[in-house]
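Participant: I have a structure here, written as structure tokens, and I will follow up with some questions on it.
Please treat every number below as a calculation from the coordinates, not as lab data. In this text the structure is predicted, and so the values were computed from the model without any measurement. Here the Cβ is made from the backbone with ideal geometry for all residues, glycine too, and neighbour counts use every protein chain on show.
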Protein chains: 2
Amino acid sequence: MTEEQIVPADIEVGVVGIGLMGSSIIVSLLVSGHQVKAIAPIPEDFEQAEARIAGLLDICAQADLLKYDIAYYTSRLEISMDYSTLANCHLVLECVIEDIDIKTTVYHAITDVVGHDAIIASNTSAIPISTLQQLVAIPGRFLGVHYAEPAFATRFMEITCGADTDEAKANWVFRLAHHWGKEPTLLRKDIKGFITNRLMYAVYREIFHLMDEGRASMDDADKVFRYDVGSWITLMGIFRRMDFTGVGDQIEIFKKTFPGLSNTDEVPEVMQKIVEENGRGIQNLQGLYAYSPEEAKKWEETFSQFNTEIFNLAAQYPYGEAPVNACAVNKVSSR
Amino acid sequence: MTEEQIVPADIEVGVVGIGLMGSSIIVSLLVSGHQVKAIAPIPEDFEQAEARIAGLLDICAQADLLKYDIAYYTSRLEISMDYSTLANCHLVLECVIEDIDIKTTVYHAITDVVGHDAIIASNTSAIPISTLQQLVAIPGRFLGVHYAEPAFATRFMEITCGADTDEAKANWVFRLAHHWGKEPTLLRKDIKGFITNRLMYAVYREIFHLMDEGRASMDDADKVFRYDVGSWITLMGIFRRMDFTGVGDQIEIFKKTFPGLSNTDEVPEVMQKIVEENGRGIQNLQGLYAYSPEEAKKWEETFSQFNTEIFNLAAQYPYGEAPVNACAVNKVSSR
């Protein structure tokens, strides 16, 4: 764990929680060369884990993401319900559900077995890292490592420090994440709700407000994002886009638009209703839209296919080797 | 102009304003089969228009968007500074700068020459349609038709009614827009700031707030959008994404996140400063980032290339012929 060199093959990583996200993270780590110890706290997950991970490795093989054959990667994975297999891990990623009591139990089980210098990270996107790290013995070794789905085929990662996180440990994870093929953000101050959520929930607040007023429909909003925002976001992000369309004109629009934006704290009624009716989305075929079992399955497959294609498309417009120098400057200056 | 059939080749369209956006709109209309009468209110634009449009047609040819050779399309375009060439237009699109006095002058010049049943539309993204339509004789024929850049290679379009817009005319434009290869939204009630802007400005308000607090950098925000949001937005839009990730969990995040979001009406200081320094973005090489002339040119080219590729990628995941029936249902139910 020196600053000089990071060799994923020499770094053992633990993952606790083998749900959809956990499986995807395990595959990402295997593909990056790590030995992985996976812990399934739930018997149901333990039973399904092997098949689920094999399925994801198969997707990776089809997308040409694998250097070796699938058997090589599975040979480097141990799935267990016994936390003691984590004993030699340098880093343990927790990706269980967003329940602080469950997370507390999990952290105790982890710290009981790992070394004092092992880093512990949560994939949470809901609970502040500063809060979670107080549940862990030696809080300085705790931080947030938030993946985007599917973890093995997305570049995005939020690395987030809590108030007490040891900066050297965060820097090490930041460097390691580049070996995972990530373009991580490194937030040295905790953001409540994390950065993607914060920004997207600003959108959600506004669109529900427009829908309440009968000014826009779900379909309108989805078109806006699919065809307008989608046509530039992967290339430019938001700030370069402002420069591109003319940053000078923006200020007038700020002045006119801000006072009209929703400032509500209320959960939108339509969301409240769905949750009361136990709607969970495509998982139980009932969400903002309705799904047949075939449709739900098709969406999973389609997303996986699309994701591979946008991943490949984005690779033609890399940040580090950007088409113009300004990108590289930006990359350096923000750190 | 019957409800039965729309044949773009028989419909003459006028465009007033031949800046970057106007040129792009003209090319979109030509490619869709229209005869186009273009008016340049500014001598400088008049001089540059022919070359600019030829350049864009060239891009279309390279992207394989043209049915005929370039000469065919230019033969169907008349560029002039004389409004009387608009006399026979069925539809006139105004795309001059966001200045209400200039727009007033332009509308008078248009209504002086066109027939009473000609539809007049503004590409504005800043001034409410209900306000603009009061500047036009026979306000019922006025509406908003807002393009995304580049107009000839994007599916997004906001069609917006003002309070007095004749719904039959809006429906006709909505149908016509499908002949332009658009997936238009049709807002029957004016939204101040329009829908894309409203939603994106909610993001801008929040990110500037996070930057002010030292919690995130421009680079972080751009990564969030390039690699996270960008990895699903073109496929799913925002609502299906909620279903996909689990709509049931969202409500807890709403409750935790909304109260922390920025509610400010203030223009961010960093934007104020750029405008005071006359920064306009890549146009004058000075914006949120700095650009060399070569970099600015490269960004134009790169955007055009990326846009073609994401357009083609999105075409594999169409809305109407969606991979699951839910999409089609959604499409019907929202109208």
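Participant: Show the residues, 5+ positions off or on another chain, whose built amide H is closer than 5 Å to the amide H of A:Val15.
Facilitator: For A:Val15, the qualifying residues are A:Lys37, A:Ala38, A:Ile39, A:Leu93.
Participant: Give me the distance between the Cα centres of the range A:79-139 and the range B:71-96, rounded to whole Å.
Facilitator: Cα centres, the range A:79-139 to the range B:71-96: 66 Å.
Participant: Using alpha carbon centroids, what distance separates the range B:267-300 and the range A:244-311, in Å?
Facilitator: So the two Cα centres are separated by 31 Å.
Participant: If you rank B:His116, B:His209 by fewest surrounding Cβ atoms within 10 Å, what's the result?
Facilitator: Listed from fewest to most nearby Cβ atoms, that is B:His116, B:His209.
Participant: Now for a different question. Among B:Thr111, A:Thr74, B:Thr308, which comes first, second and so on when ranked by fewest other beta-carbon atoms within 10 Å?
Facilitator: Working: B:Thr111 21, A:Thr74 15, B:Thr308 18.
With the fewest neighbours first, B:Thr111, A:Thr74, B:Thr308 line up as A:Thr74, B:Thr308, B:Thr111.
Participant: Then there is this: Tally Lys and Arg at +1 and Asp and Glu at -1 over the other residues with C-beta under 15 Å from the C-beta of A:Arg241: what net charge comes out?
Facilitator: Net charge around A:Arg241: -3.
Participant: What gaps in nm, shortest first, separate B:Pro259 from its twins in the other copies when you place the label 7 Å past Cα toward the beta carbon?
Facilitator: Inter-copy label distances (nm, one decimal, shortest first): 2.9.
Participant: Taking the Cα centre of the protein assembly as shown as the origin, how large is its charge dipole in debye, to the nearest 20, when only Lys and Arg (+1) and Asp and Glu (-1) carry charge on their Cβ atoms? Please report the intermediate quantities before stating the final value.
Facilitator: Working: 56 positive and 94 negative charges, 12 e Å.
Roughly 60 debye, rounded to the nearest 20.
Participant: Taking chain A as a Gaussian network, Cα atoms linked when under 10 Å apart, which of A:Ile310, A:Ile79, A:Ile26 shows the biggest mean-square fluctuation?
Facilitator: A:Ile310
Participant: In nm, what does the list of distances from A:Asn278 to its counterparts in the other copies look like, shortest first, when each label sits 7 Å along Cα to Cβ?
Facilitator: 6.7
Participant: Here's something else I'd like to know. About the Cα centre of chain A, what is the dipole size in debye to 20, counting +1 per Lys and Arg Cβ and -1 per Asp and Glu Cβ, all else neutral?
Facilitator: I would put it at about 1000 debye.
Participant: Dipole magnitude of the range B:67-106 about its Cα centre, charges +1 at Lys/Arg Cβ and -1 at Asp/Glu Cβ only, in debye to the nearest 20?
Facilitator: 260 debye
Participant: Taking a 27 Å limit on the Cα-Cα distance, which of the listed pairs A:Lys103/B:Lys255; B:Lys103/B:Lys192; A:Lys297/B:Lys255 fall beyond it?
Facilitator: Numbers: A:Lys103/B:Lys255 20 Å; B:Lys103/B:Lys192 18 Å; A:Lys297/B:Lys255 30 Å.
A:Lys297/B:Lys255, as the Cα separations exceed 27 Å there.
Participant: Next question. Work out how far the C-alpha atoms of the range A:104-188 reach from end to end along every principal axis, then list the three figures in whole Å, largest first.
Facilitator: 32, 24, 22
Participant: Please report the spacing between the Cα centers of the range B:152-179 and the range A:204-230 in Å, no decimals.
Facilitator: 17 Å
Participant: For every other residue with a beta carbon closer than 9 angstrom to the beta carbon of A:Gly144, add +1 if it is Lys or Arg and -1 if Asp or Glu, then tell me the sum.
Facilitator: Summing Lys and Arg as +1 and Asp and Glu as -1 gives -2.
Participant: Sort B:Tyr72, A:Tyr107 so that the residue with the fewest other Cβ atoms within 10 Å of its own Cβ comes first and the one with the most comes last.
Facilitator: B:Tyr72, A:Tyr107
Participant: Still on this structure, please answer the following. Every other copy gets compared here: list the nm distances from the A:Pro293 label point (7 Å along Cα to Cβ) to its counterparts, shortest first, one decimal.
Facilitator: Counterpart label points of A:Pro293 in the remaining copies fall at 6.6 nm.
Participant: Using a Gaussian network model of chain A with C-alpha springs under 10 Å, which one of A:Ala296, A:Ala109, A:Ala63 is most mobile by mean-square fluctuation?
Facilitator: Judging by the Gaussian network model, the answer is A:Ala296.
Participant: Over the Cα atoms of the protein assembly as shown, each weighted equally, I'd like the Debye log10 I(q)/I(0) at q = 0.06 Å⁻¹, rounded to two decimals.
Facilitator: The computed values of log10 I(q)/I(0) come out as -0.35.
Participant: Count charges around A:Leu210 for me, please; just the other residues with Cβ under 9 Å from its Cβ, Lys/Arg as +1, Asp/Glu as -1.
Facilitator: -2
Participant: Something else: Mind listing the long-range amide H neighbours of B:Ser122? Cut-off is under 5 Å, sequence gap 5 or more, other chains count too, H placed in the peptide plane at 1.01 Å from N.
Facilitator: Result for B:Ser122 returns B:Glu94, B:Leu143, B:Gly144, B:Val145.
Participant: In deg cm²/dmol, rounded to 500, what helix-only [θ] at 222 nm does chain A give when every DSSP H run of at least 4 residues adds -39500 (n - 2.57) and the total is split over its residues? Don't skip to the answer; put the middle values down first.
Facilitator: Numbers: 13 runs with 155 residues, N = 335.
Here the helix-only value at 222 nm equals -14500 deg cm²/dmol.
Participant: Sort out the exposed loop GluC sites (Glu not before Pro) in chain A (DSSP loop, at most 11 other Cβ within 10 Å) and tell me the longest stretch that has none.
Facilitator: Free of exposed loop sites, the longest segment is A:5-212.
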